[in-house]
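Novice: Just passing along the structure, written as structure tokens.
No value in this document is a laboratory result; all are computed from the given coordinates. What you see is a predicted model, and the numbers here were worked out from it, not measured in a lab. Counting neighbours? That spans all protein chains shown, and the Cβs are built from the backbone with ideal geometry, glycine included.
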Amino acid sequence: MKRTFISLFGLGLVFALTACGSGDGDSMGMKAKVEELGNTKKIVHFTKGDFGEITLSESYVIPEDAVFIDIRNAWERKVNPKGSVRATYEIRTQGANGKENKSIARKMNDNFVSDVLNLPAIAHDRDKHIILICASGSRSGAHGDKVKASAAKLLSDNGFSYVEHVKHGMWAAKGWMENKLPYVEQ
């Protein structure tokens, strides 16, 4: 009787979270299905087109099940989050001053989805937990109307079910570097 009650309660909780859009992605109004496995592990599946957002703190630790992908261009990666792999989302041209040459139009990397699928840590598994980071959070997840052109949205639209992005990226206020999180120099 007790197990039946707990099982029904658990199913009711998952149904409520799915129906109401609660769960890890609720801060951006996203719908996520959360499944508990045992006492500690949870699996999150966002609905197609939705993704989660991570707000960093000094105590943030990359989850063990996550593939952490730095989507910046190679020339932008003077320092990299420790434990990250690379897949460039948007082609930007470096100027003579070491920053972006804004007179040359940005171009989307048409192979981004296949580049991510082919990462050894992903191995064509669209249910892998993926966390994306860029310089400021605008390419990885963006906000408002710009979310339509973000890497997280693109992956979610292409069937990846557990995508999150780092809200303030590497360099913006409240980002990776400001929170003194581990990095490696290139």
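Novice: Quick check: convex hull of the Cα atoms in region 67-176, volume per residue, rounded to a whole Å³? Kindly include the intermediate steps, with their values, before the conclusion.
Specialist: Details: hull volume 11.6 nm³, N = 110.
Here the figure is 106 Å³ per residue.
Novice: Let me ask something additional. Mind ranking 115-121, 156-162 by how tightly packed they are, going by the mean number of other C-beta atoms within 10 angstrom, highest first?
Specialist: Details: 115-121: 15.9, 156-162: 18.7.
Top of the packing list down: 156-162, 115-121.
Novice: Turning to a different aspect of this structure: Between GLN94 and GLU185, what is the label-point separation in nm under the 7 Å Cα-to-beta-carbon projection?
Specialist: 1.6 nm
Novice: For an R0 of 25 angstrom, estimate the FRET efficiency from the Cβ-Cβ distance between HIS45 and LYS148 and round to the nearest 0.05. Before the final figure, lay out each step's value.
Specialist: Working: r = 21 Å, r/R0 = 0.85.
Working from the Cβ atoms, E equals 0.75.
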